[in-house]
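Accompanying notes for the structure given below.
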Amino acid sequence: MTSHDEFAAAAAAYAIDPGALGHDERLAFEAHLETCDQCRADVADFRRVTAGIGLGTDAVAPPESLKARTLARATSQPQARSAGATRRPEGGPSTSRATVPAWWALAAASVALVATALYAVNMRVQVQMLRQMIADASAEAQSLRTELADVRRDRARLTRTMAVVSAPDLIRVNLSGQATAAAASGRAFWSKAQGLVFSADGLPALPADHVYQLWVLAPSPISVGVLTVSAAGVATFSATLPADLPPIAAVAVTSEPGPNGSTSPTMPILLVGKPGT
């Protein structure tokens, strides 16, 4: 026996008679009991049931003739017939017939106990399998919900992008990298009616306590939001801007203290561009 299910299946037999297991199996099972609270509890339960079966069997008094024969053998005296005792044929069974049903009842109950224990173990395994299936199904459902949320977010972003780039008042701004982000580049598409869409690539990793923040200068700096940058240095962003926003003079990206950025841009500017460039 090596698995817990095998040990659990042997608990009923061990509770009735430890000798029912082979020598090696008994040693392995007793070693397992030292570390398994569940199997110890099962053995204790089975022993209580076995004891209850024994106590539930009516005691049978031996017949007077058996008592007389036993005394006669002990004292080497001829056996005297007890008054009212029924003489048995010589060589007949010395055990009362009345004890036979009790022993058969105990044996049948023991077999029923073992069968019940095996059924309980089987049901426990099935319950564990069912719980695992439910956990797997829940994890899969959560994964599907997450994927669905991502799809909906991507669809909303795509819808906004299409609305911006197809707007009749579209203005495009190309951003070039500056300072430590000289290799980076970006593109901004702005429609006063539809909003702003921004993308950038080649952005270097920032210190853990800093974030990229997007600004529009109209003509004062207005924060558009904090960018989420992938490990490959790519960022995309879309947002609506105030309807009364003056014409944009420039679009810029700076490095700001995280996680929420700053209320006004700080130096250095890492990406910047003007309309028409």
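Which length gain, in nm to one decimal place, applies between GLN128 and ALA249 when the Cα-Cα distance is subtracted from 0.36 nm times their residue separation?
So the extension gain works out to 37.1 nm.
Rg (Å, one decimal) plus Dmax (Å, integer) for the alpha carbons of region 171-273?
According to the Cα coordinates of region 171-273, Rg and Dmax are 12.6, 36 Å.
Per residue, what volume in Å³ does the convex hull of the Cα atoms of region 215-265 enclose?
Once divided by residue count, the hull of region 215-265 is 88 Å³.
Quick one: what are the phi-derived ³J(HN,Hα) couplings along region 148-163, Karplus 6.51/-1.76/1.60 with θ = phi - 60°, whole Hz, x for glycine and proline?
5, 5, 5, 4, 5, 5, 5, 5, 5, 5, 5, 4, 5, 4, 4, 5
Explain nothing, just compute: Karplus ³J(HN,Hα) = 6.51 cos²θ - 1.76 cosθ + 1.60, θ = phi - 60°, for every residue of region 215-221 in order, whole Hz, x for Gly and Pro.
Karplus values, whole Hz, x for Gly and Pro: 10, 10, 9, 9, x, 6, x.
Using per-residue counts of other Cβ atoms within 10 Å, averaged over each peptide, order 161-167, 140-146, 202-208 from highest down.
161-167, 202-208, 140-146
Computed from the coordinates by the stated procedures, all read-outs in this text should not be read as laboratory data. Everything numeric in this text was worked out from a predicted model, so none of it was measured. Glycine gets a Cβ as well: all are built from the backbone with ideal geometry, and neighbour counts include every protein chain shown.
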